[in-house]
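Read through the structure below, which is laid out as structure tokens, and then see the notes.
The values are calculated or read from the model by the stated rules, or taken from the named source; none is laboratory data. The shown structure was predicted, so the numbers you read here are calculated from the model rather than taken from an experiment. For neighbour counting, all protein chains shown are included, and Cβ atoms are generated from backbone atoms with ideal geometry for every residue, glycine included. Keep in mind that these areas ignore ligands, DNA and RNA; they rest on the heavy atoms of the full protein, side chains included. Shrake-Rupley method; radii C 1.70, N 1.55, O 1.52, S 1.80 Å.
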Amino acid sequence: MSQSTTSRRVARVVCGTATSDGAGVKLTRVIGQRELDMLDPFLLLDEFGSDEAVDYIAGFPDHPHRGFETVTYMLAGRMRHGDNHGNSGLLVPGGVQWMTAGRGIVHSEMPEQEHGRMAGFQLWVNLPARDKMTAPRYQDIAPERIPEVDAGAGMRVRVIAGRFGDTLGPVTGIAVAPLYLDIALAPGARGIAPLPSGHNAFAYVFEGGADFGAAAAARALARGELAVFDRAGDGVEFAAGAQGARFILVAGAPLDEPVARHGPFVMNTPEQIVQAIRDYQAGRF
Ligand code: MN
């Protein structure tokens, strides 16, 4: 890492809100809620995490998607997915599914366990207008395919998408050229991560706490808080508190296109939403 990185500053801190989705899965919605409607190109970020089966057992039975991508990163537990095109698979701890819904799929995401902990994230990434009706595509990434970099001084980085130093993540061919890192810091550890120029970026702390930004302008974030970074600077500095920290650091190129959004359909115009509903109801997904 360059020592001359200019750190971006924290522009906003947002707390998630408790909600439920699917057939009654309890989760925390961090992006895609009143406080933070979206962060172009990111439409939604949910954190799920519970030791109680009643919070997740109903899962997400058959539902459609069109016009964007869903990214599921599992931390604990196992989830079975299957769609109406015959694709299926098992999401396991430390693995990622990057699903490009494109013109449409109908799928289910159901727990493959009846007890124990289930935890992870689902991120929705918008597709540019030219790709909204592309063929559906899955990138199912097993945990061992995600490189983990020991950056020294108490910092470890799992590289899911984009790059950290010379290490490239396994997710490829995504329109918004995403960065998706899972960063763990030992108590008191400091670190820095480059961010692609012009990308919107956020960090979400899911264990411990950390300061983000250059020392003079750092903001402290606790577990459950998301930092939106400004666009000035070529990276972000961070320093863990006494408990250490673990957070995801995510960035993507903004699309700067109109967004028409209706539940599981995200298009550019209201007419395209009407068409999506018609196509879904006519079984054309
Ligand atoms: Mn889904």
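The angle between the Cα long axis of helix 270-281 and the main principal axis of the chain comes to about 60°, on a 0 to 90 degree scale. Counting 0.36 nm for each residue step from Glu257 to Thr17 and taking away their Cα separation leaves a gain of 83.7 nm.
The Cα trace of region 16-145 gives Rg and Dmax of 14.1, 43 Å, the first to one decimal, the second as a whole number. Multiplying the residue separation of Arg34 and Glu148 by 0.36 nm and subtracting their alpha-carbon distance yields 37.6 nm. Multiplying the residue separation of Arg219 and Glu271 by 0.36 nm and subtracting their alpha-carbon distance yields 14.5 nm.
Cα centroids of region 220-285 and region 167-218: 15 Å apart. What region 146-254 shows is 36 Å² of accessible area per residue, with the surface traced by a 1.4 Å probe over protein heavy atoms. Just so you know, the Cα atoms of region 146-254 work out to an Rg and Dmax of 12.9, 39 Å. Note on the chain: Cα-only Rg and Dmax are 18.4, 57 Å.
Roughly to the nearest percent, how much of the accessible area of the chain is carbon and sulfur, given a 1.4 Å probe? Don't jump to the answer; show the numbers that get you there.
Working: 5860 of 11990 Å².
Carbon and sulfur together cover 49 percent of it.
List the trypsin sites (Lys or Arg not before Pro) within region 29-106 that fall in a DSSP loop (any state other than H, G, I, E or B) and whose Cβ has at most 11 other Cβ atoms within 10 Å.
Values: sites: Arg29, Arg34, Arg66, Arg78, Arg80, Arg103; in loops: Arg34, Arg78, Arg103.
Of the trypsin sites (Lys or Arg not before Pro), the ones in loops of region 29-106 whose Cβ has at most 11 other Cβ atoms within 10 Å are Arg34.
Might you report the magnitude of the Cβ-based charge dipole of the chain about its Cα centre, with Lys and Arg at +1 and Asp and Glu at -1, to the nearest 20 debye? Before the final figure, lay out the partial values.
Details: 26 positive and 32 negative charges, 76 e Å.
Value, rounded to 20: 360 debye.
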